[in-house]
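Read-outs throughout are calculated quantities, based only on the coordinates presented, and are distinct from any laboratory measurement. Everything numeric here is computed off the predicted structure, so don't read it as measured data. Glycine gets a Cβ as well: all are built from the backbone with ideal geometry, and neighbour counts include every protein chain shown.
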Amino acid sequence: MNPTLLAPIAVTGFTVAFLHAALPTHWLPFVLVGRGQHWSAGKTLGVTFLAGLGHVAFTILLGLILVGAGLAVQPRMGDLFGWAVGALMMGLGLFYLWRGRHDHGEAEVSTRRYASDRTAIIALVVLLTLSPCEAFLPIYLAGVKHGWTGFAALSAVLMAATAAGMLLFTTLSLAGVKHLGLEKIARYESTILGVALIAMGVGVAFLEL
């Protein structure tokens, strides 16, 4: 594996995962439920981290399937594989741009009071686990030529970026920081991701990343 060629993919992956984790749906429910259940800050952050692990684990599982399929197909396609992956990423990027132009609504966060802490924790963990970071999956595809070592490196990037984003914004909210300015991320997430994916797609297709 060439670390130099993997670096831009990893940087793009970190950006995508961090922006995704910054969405209020990934941390605000923990703050609101924690207050409703009268949790300490430590317990709220612990539940947030646990849910983040489930979120990342499910995304990694999907990435594992995608990378496995890519490694099986790559030898048959040869140099065309990079072009195909690049074209797919550019197509996904254009889709995100299109979606961004037609979806400017803010992310909705709904919470309610739970009968027990156990019920609240299970609900929060399950809901986030079953909502994988789908925007990161093309990043896995871009790293197929780097094999399983690249897959492991990108999974570590996904974990680091997701944990950093979720724990950071949960901590700031618990500390009483009211105006985080994240509504702009929620509103323009699709546009930001679209630009990032198109740029990465160009790199994969033409620069042999």
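Summary table below
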{"item": "Gyration tensor over alpha-carbon atoms, the stretch 1-78, equivalent ellipsoid semi-axes in Å", "result": "36, 14, 10"}
{"item": "Residues Val126 and Leu5, FRET efficiency given R0 of 35 Å [Cβ-Cβ distance, rounded to 0.05]", "result": "0.40"}
{"item": "Estimated distance in nm for a label pair at Thr119 and Val73, the labels positioned 7 Å out from Cα along Cα-to-Cβ", "result": "4.5"}
